[in-house]
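Structure, as C-alpha cells:
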Amino acid sequence: QVQLQESGPGLVTPSQTLSLTCSVSGASISTRDYAWSWIRQPPGKRLEWMGTVTGDGSTSYSPSLEMRTAISRDTSKNQFFLQLSSVIPEDTAVYYCAAGRARSILQGTYPFWGQGTQVAVSS
C-alpha cells in the first residue's frame with residue numbers, strides 16, 4: 001500500500017521559508033495517473049489544499065498561496081517537497097502530504113495520507 005511520511009522543522013521564524021519533505025513508499029511518484037499533494041489544517045479551520053505535483057511533474061497551486069508556494073520532487077529518492085516562503089503566524093498548521101489517482105483527487109478525495117506534521121510559525 002502507498003505510505004507517505006512528512007518530515008521537516010516544527011518551528012519556523014516569520015519571514016523565513018518553510019521546507020517540508022514527503023517520503024513515499026509503495027508506489028513511484030512518477031506513476032502516470034497519480035497525483036501528490038500538500039494539504040494543511042490551521043487550528044480550528046478546515047483542510048486547505050495547497051498544491052499538487054502529478055506523475056509527469058506538472059504542478060498546480062491554490063490561488064491564495066501560489067505566489068508563496070513551490071512543490072518539487074526527486075524521483076530518484078521517491079520524495080516530493082513543499083516550500084512556503086515568507087511565512088506568517090497564520091501559516092501555523094498541521095501539514096499533510098496526500099496522494100491518489102488524479103481522478104479521485106479532482107473529486108476531492110485522497111485515499112493515501114501521511115500522519116501530518118505540526119508546524120508553528122513563531123511571532
*Quick one: accessible area per residue over the chain, 1.4 Å probe, rounded to a whole number of Å²?*
53
_I want to check the label-to-label distance for ARG103 and SER122. Put each point 7 Å from Cα in the C-beta direction and report it in nm to one decimal._
4.9
*Non-local amide H neighbours of ALA27 (under 5 Å, H modeled in plane, Pro and chain starts lacking H): which ones?*
GLN3
_Suppose the chain between THR21 and THR59 were pulled fully straight at 0.36 nm per residue; how much longer would it get relative to their current alpha carbon spacing?_
12.1 nm
*asked:* Rounded to the nearest percent, how much of the accessible area of the chain (1.4 Å probe, protein heavy atoms only) is carbon and sulfur?
replied: 50
*Whole-Hz Karplus ³J(HN,Hα) for segment 24-31, in order, using 6.51 cos²θ - 1.76 cosθ + 1.60 and θ = phi - 60°, x for Gly and Pro?*
10, 9, x, 7, 7, 5, 8, 4
_Could you derive backbone 3J(HN,Hα) for segment 13-21 from the dihedral phi with the Karplus parameters 6.51, -1.76 and 1.60 (θ = phi - 60°), listing whole Hz in sequence and x where the residue is Gly or Pro?_
7, x, 5, 7, 9, 8, 10, 10, 10
*Could you work out the relative contact order of segment 1-106, using alpha carbon pairs under 8 angstrom and six or more residues apart, expressed as a whole percent?*
34
*Would you tell me the accessible area of SER25, worked out with a 1.4 angstrom probe on the heavy atoms of the protein chains, in Å² to the nearest 10?*
50
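The values are calculated or read from the model by the stated rules, or taken from the named source; none is laboratory data. Since we're looking at a predicted model, the values are computed, not measured. No Cβ is skipped: glycine too gets one built from the backbone with ideal geometry, and neighbour counts run over all protein chains shown. Just the protein is used for accessible areas: all its heavy atoms, side chains included, with ligands, DNA and RNA removed. Shrake-Rupley method; radii C 1.70, N 1.55, O 1.52, S 1.80 Å.
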